[in-house]
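Accompanying notes for the structure given below.
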Amino acid sequence: MTSSLYTERDLHDLWERQAFQREGLLTEEAQSLEIAFPGHRWGEGGPDFRDARIVLGGVPRRGDIELHITPSGWRAHGHDRDGAYAGVILHVVLRRDKFVEPPRGMALLVLEPYLHGAAPAAPCGGPADLDALGEEWFA
C-alpha cells in the first residue's frame, strides 16, 4: 500500500478552506451533500470541527465533523467508544480503505474524487518528490 502525500493536518486544511469541488457531493450512502458551514476548527480533544451545518439528502443537519485519511481511522482512534464523538454527523476521509460501516446517524464522505488538483501546499524537493506525486496520482 502506498503512503499518502496528505497528512491528517492537510486534510483539516482542505476541509477548513473547502478546497475541493463542492458541487455534486455524494456520501458513500449515495446521499446528496451540501456544506452550508464546515464548522469551527477544534484544537482540543473531541471532533475536529464543531457546529457544522450541512444538508444531507435534502435534510438540514447541524453537528460535528471528524476527519481521517481512511474510514478505518474512526475505530483505530477509539472514537466508536468515546462519547465526545456522539455529535458527529459527518465522517470525512481522504480515500477508502476497507469497508467500515459508519455509526448510525453519521454519513461518510470520501474527498478524493472531489480534489482535482488540490494538492497540499508543500515545498518540492526535486525529482524524487515529483516521482512520489506521480505515483500518488496513478494510485
Here are some residues: 26, 5. Which one is in contact with a helix residue (DSSP H, G or I) (Cβ under 6 Å, 6 or more places away or on another chain) and closer than 21 Å to residue 97 by Cα? 5
Counting only strands (runs of 3 or more DSSP E) entirely within the stretch 31-79, those with at least 2 residues that are charged (D, E, K, R) are 49-56, 59-68
Open to solvent by 30 Å² or more (accessible area, probe 1.4 Å), at pLDDT 90 or above and hydrophobic (A, V, I, L, M, F, W, C): which single residue out of 128, 84 fits that description? 84
Go through the residues of the stretch 55-65 one by one and say whether even a single one is modelled with pLDDT of 95 or more, surrounded by 13 or more Cβ atoms within 10 Å (Cβ to Cβ) and touching a helix residue (DSSP H, G or I) at 6+ places or on another chain (Cβ under 9 Å). yes
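Each row is one residue, and each column tells you yes or no for (1) modelled with pLDDT of 95 or more; (2) open to solvent by less than 70 Å² (accessible area, probe 1.4 Å); (3) more than 16 Å from residue 5 (Cβ to Cβ); (4) touching a Phe, Trp or Tyr at 6+ places or on another chain (Cβ under 8 Å).
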residue	(1), (2), (3), (4)
38	yes, yes, yes, yes
42	no, no, yes, yes
76	no, no, yes, no
92	yes, yes, yes, yes
121	no, no, no, no
124	no, no, no, no
135	no, no, no, no
Hey, residue 31 open to solvent by 60 Å² or more (accessible area, probe 1.4 Å) and farther than 23 Å from residue 79 by Cβ or not: no
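The values are calculated or read from the model by the stated rules, or taken from the named source; none is laboratory data. In this text, all values refer to a predicted model and were calculated from it rather than measured experimentally. So basically every Cβ, Gly included, is an ideal-geometry build from the backbone, and we count neighbours across all protein chains shown. In case anyone asks, the SASA skips ligands and DNA or RNA and just uses the protein heavy atoms, side chains included. Shrake-Rupley method; radii C 1.70, N 1.55, O 1.52, S 1.80 Å.
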